[in-house]
Amino acid sequence: MDLISKHLEDKIGTITFRNERKRNCLSRVLLEQLMEALEDLKAQKTQVVVLRAPAGSKVWSAGLDIGEFPKSGRDPLAYDDPLEQVLRAIQRFPAPVIAMVEGSVWGGACDLAFTCDIVVGTGSASFAITPAKVGIPYNASGILHFVNIVGLHIAKEMFFTAAPITAERAEKYGILNRLVPPEELESVTYGMARQIVRNSPLAISVIKEQLRILGNSHPLSPETFERIQGLRRRVYDSEDFIEGKRAFLEKRAPVFRGE
């Protein structure tokens, strides 16, 4: 089953989530198909990619499929996991990737949208990063990504409360480049894409890579890195991690004990 669709026209590629039955959750299959679509568009020298859900969606994406999370003792956000591979593919894609957001964005899908180079959304857009709801230790690269975009205090609020940030606040904090009425979402997004296509693709590719390198230029000592990994291991080895996943699948509130 195709969980995404792909279209290329006038050097603008469009990737659309097509798993509305499961609220476009980022299952392994969907992420694998998304990776294949990015590779194909890259091979065709696409100059802009638009990542979107179907028009009128109430949920852009519900995030990672909790049912696919590993059991306790394994890092749920390891370097080679499918979402991490897709995030790096977007960061390294040689052309801008625009997230066209309509509806709510949850968990790992929030990181996916933030990783895109430009985010355009409507008033129905909202963003919630929810690892604390299910006892998941977020990875260091993801946390740094949030801090770079929204600043330390808003990142803390989003991670600690797991509450959604409205579209209005998202525009204020720089998450949304443009906040537009629903009827203007496609025209504004694709108008921006066409404007990008008129510019030098080589210059844009090089500038994007420079921005990626400079944005990641926060060296950590080996000791600090090991400390971070040790902190995260305490969570994914915990009873809270097991309880969070179990409660989500059983559709009940988790009972966390902090152990």
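List of remarks:
- Odd one out for Ser104, checked against (1) modelled with pLDDT under 95; (2) over 20 Å from Arg28 (Cα atoms): (1)
- Taking the stretch 146-157 as the range and being surrounded by fewer than 16 Cβ atoms within 10 Å (Cβ to Cβ), assigned to a helix (DSSP H, G or I) and among the small types (Gly, Ala, Ser) as the test, no residue passes.
- Qualifying residue in the stretch 234-252 (condition: at pLDDT 80 or above, touching a helix residue (DSSP H, G or I) at 6+ places or on another chain (Cβ under 8 Å) and among the β-branched types (Val, Ile, Thr)): no
- Cβ pairs under 8 Å, 6+ apart, first in the stretch 78-107 and at negative phi and part of a loop (DSSP other than H, G, I, E, B), second among the basic types (Lys, Arg) and buried (at least 19 other Cβ atoms within 10 Å of the Cβ): Glu102/Arg52
- Within the stretch 5-28, the set of residues being within 15 Å of Leu83 (Cα to Cα) and either surrounded by fewer than 19 Cβ atoms within 10 Å (Cβ to Cβ) or among the hydrophobic types (A, V, I, L, M, F, W, C) (or both) comprises Phe17, Cys25, Leu26, Ser27, Arg28.
- Any hit, the stretch 145-165, residues being among the aliphatic types (A, V, I, L, M), within 23 Å of Gly56 (Cβ to Cβ), modelled with pLDDT of 95 or more and under 17 Å from the mean Cα position of the chain (by Cα): yes
- All positions within the stretch 47-59 that are closer than 20 Å to Met192 by Cα, part of a strand (DSSP E or B) and not charged (D, E, K, R): Val48, Val49, Val50, Leu51
- Hits in the stretch 158-214 - residues which are at positive phi and buried (at least 16 other Cβ atoms within 10 Å of the Cβ): Ala162
- Look at the stretch 119-145: where a residue is farther than 17 Å from Ser238 by Cβ and in a loop (DSSP other than H, G, I, E, B) and a partner is at pLDDT 85 or above and basic (Lys, Arg), sitting 6+ places away or on another chain with Cβ atoms under 8 Å, you get Ser124/Lys58.
- Looking across the stretch 43-79, just one residue is under 19 Å from Ala113 (Cα atoms), modelled with pLDDT of 70 or more and surrounded by fewer than 11 Cβ atoms within 10 Å (Cβ to Cβ), and that is Gly56.
- Asp40 of a type in the set (Asp, Glu), assigned to a helix (DSSP H, G or I) and surrounded by 19 or more Cβ atoms within 10 Å (Cβ to Cβ): no
- Residues that are in contact (Cβ under 8 Å) with a residue 12 or more places away in the chain and farther than 16 Å from Ala99 by Cα within the stretch 168-205 comprise Glu168, Tyr173, Val197, Pro201, Ile204, Ser205, listed in sequence order.
The values are calculated or read from the model by the stated rules, or taken from the named source; none is laboratory data. Model, not experiment: these values are computed from the prediction. Positions of Cβ are backbone-derived with ideal geometry, glycine not excepted, and every protein chain shown enters the neighbour counts.
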